[in-house]
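Presented below is the structure to which this report refers.
The values are calculated or read from the model by the stated rules, or taken from the named source; none is laboratory data. These figures come from a predicted structure and were not determined experimentally. All Cβ positions, even for glycine, are placed from backbone atoms using ideal geometry, and neighbour counts span all protein chains on display. We work out accessible area using only protein heavy atoms, side chains counted, and drop any ligands, DNA or RNA first. Shrake-Rupley method; radii C 1.70, N 1.55, O 1.52, S 1.80 Å.
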Amino acid sequence: DGVPIRSYIDKYKGYDLNQLTPQDLESLTKELEPYKNDLMKIAIFDIIVLAQDRHPGNVLVSPSKKRAYAIDNEDIMPGRDADPPKNWHATYLLVEGDTIPASIRTKLKNVTEEDFYAAFAGIKLDVIKSAWRRKKWIEKQTRMPSLVELRGFHMGGERGKPSRESLGCTTCASGEEL
């Protein structure tokens, strides 16, 4: 009974969330409010693993269960120096700036480094280490940063913002090792 978020966006005549007017995005956000907690979890997951294929067809909502699900998760953790995906906005604009519930932050904090590494067994260790750093950073946040902030963090940070290294990147924009 899963319905892609794509079908909700289509009602507003936009290809993607970033193409909607502010009024349409607000209406869509209200329409998807029952799924907000799950959409927040999906957005956090995508930050941690740098999900590369989270477009609106890869997020399903179940009206009968009032749950949202991320599908097609095989294109994750592309490498330690990968840029943030261009298509995080599939869910991200619906939650950016929102308070991250304490329950989600607590669950993140309860994931041990050992369990985290075990969950991603088979992926290069430096890539897992980068994801672990992003996990540690996001669990400290009280609200979802904007996409601009996330890109700023990733590209070297600005005053008051985490650096690429704190998000798990070990090479700066110029290619120098940090």
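Consider only pairs whose beta carbons are under 8 Å apart and that are at least six residues apart or on different chains; among these, list those whose first residue lies in the stretch 6-34 and is among the basic types (Lys, Arg) and whose second residue is at pLDDT below 80 and in a helix (DSSP H, G or I).
Pairs that qualify, where the first residue is among the basic types (Lys, Arg) and the partner is at pLDDT below 80 and in a helix (DSSP H, G or I): there are none.
Do you know which of the residues in the stretch 15-34 that are open to solvent by less than 10 Å² (accessible area, probe 1.4 Å) and either at pLDDT 85 or above or not hydrophobic (A, V, I, L, M, F, W, C) (or both) is nearest to Pro101 (Cα to Cα)?
Ranking the qualifying residues of the stretch 15-34, first place goes to Leu32.
Checking Tyr92 against (1) touching a helix residue (DSSP H, G or I) at 6+ places or on another chain (Cβ under 7 Å); (2) more than 18 Å from Glu139 (Cα to Cα); (3) surrounded by 15 or more Cβ atoms within 10 Å (Cβ to Cβ); (4) at pLDDT below 85: exactly one of these is not met. Which one?
Condition not satisfied by Tyr92: (2).
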